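Here's the structure, in structure tokens; my notes come after.
The values are calculated or read from the model by the stated rules, or taken from the named source; none is laboratory data. Everything numeric in this text was worked out from a predicted model, so none of it was measured. Cβ sites come from the backbone with ideal geometry, for glycine too, and all protein chains shown count toward neighbours. Surface areas here come from the heavy atoms of the whole protein model, side chains and all, with no ligands, DNA or RNA. Shrake-Rupley method; radii C 1.70, N 1.55, O 1.52, S 1.80 Å.
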Amino acid sequence: MSTLVLELRQGDLMVVNGAPIRFRNRTRIELAAKARFLFGKQIMAPEGANTPARRIYFALQTAYIGTDEERAPGLASARALIVEFMEATTSVLVREMLARALEAAEDDDCYLALKIARRVMRHEEEVLGLAPLPAPRRDPTDGLNHG
């Protein structure tokens, strides 16, 4: 099995398999086993989930990195929010992206679902004239299986 090496800055937050970890100093870590994780600005705080697309992202985030007890309800919530958004939007592209995100989440690829949800959030921000949430740092794990 391959390992994944990440460099994190002092104060960065990372959630691994539902456990939040805050780094007290700059560090380089190696994940040597399959894990569900997000770090830094990929993590949305509950108060950030203040629009329909952001609520979808937060629900998918919960389905991905929540505790064992939170994951199934997170996926159920994401499913309901996605269906509601798909019914409300006039954008064919957004409906297609949301369908792909839901399919990925139901196939237990919530990391891919989150990447798609970020694109939907950017679209929503453009359409509604909202200030974007801070963009996540460039993801050094693009193309890797997050678990």
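Given the peptides 72-84, 50-62, arrange them by the average over their residues of other C-beta atoms within 10 Å, most packed first.
The densest-packed peptide leads the list: 50-62, 72-84.
May I ask you to give the percent of accessible area on the range 1-114 that is carbon plus sulfur, with a probe radius of 1.4 Å?
In the range 1-114, the share of accessible area belonging to carbon and sulfur is 51 percent.
Would you mind working out the accessible area per residue for the range 81-131, using a 1.4 Å probe, and quoting it in Å²? Walk me through the numbers before you get to the answer.
Numbers: 2870 Å² over 51 residues.
Accessible area per residue: 56 Å².
Please sort 116-123, 96-103 by packing, taking for each peptide the average over its residues of neighbouring beta carbons within 10 angstrom, highest first.
My ranking of the peptides, most packed first, is 116-123, 96-103.
Is there a quick way to get the dipole size of the chain? I mean about its Cα centre, with the Cβ of Lys and Arg at +1 and of Asp and Glu at -1; what is the value in debye to the nearest 20?
640 debye
I want to make sure I understand the PRE zone here: with the label point 7 angstrom from the Cα of Glu7 toward its beta carbon, which residues in the range 22-52 have backbone N atoms less than 20 Å away?
22-32, 38-42, by backbone N distance to the label point.
Here are a few candidate values for Cα extents along the principal axes in Å: (i) 45, 31, 27; (ii) 58, 37, 25; (iii) 66, 51, 24. Which one was actually calculated from the structure I just gave you?
The calculated read-out lines up with (i).
Let me have the relative contact order for the chain, percent, based on Cα pairs under 8 Å that are six or more residues apart.
21 percent
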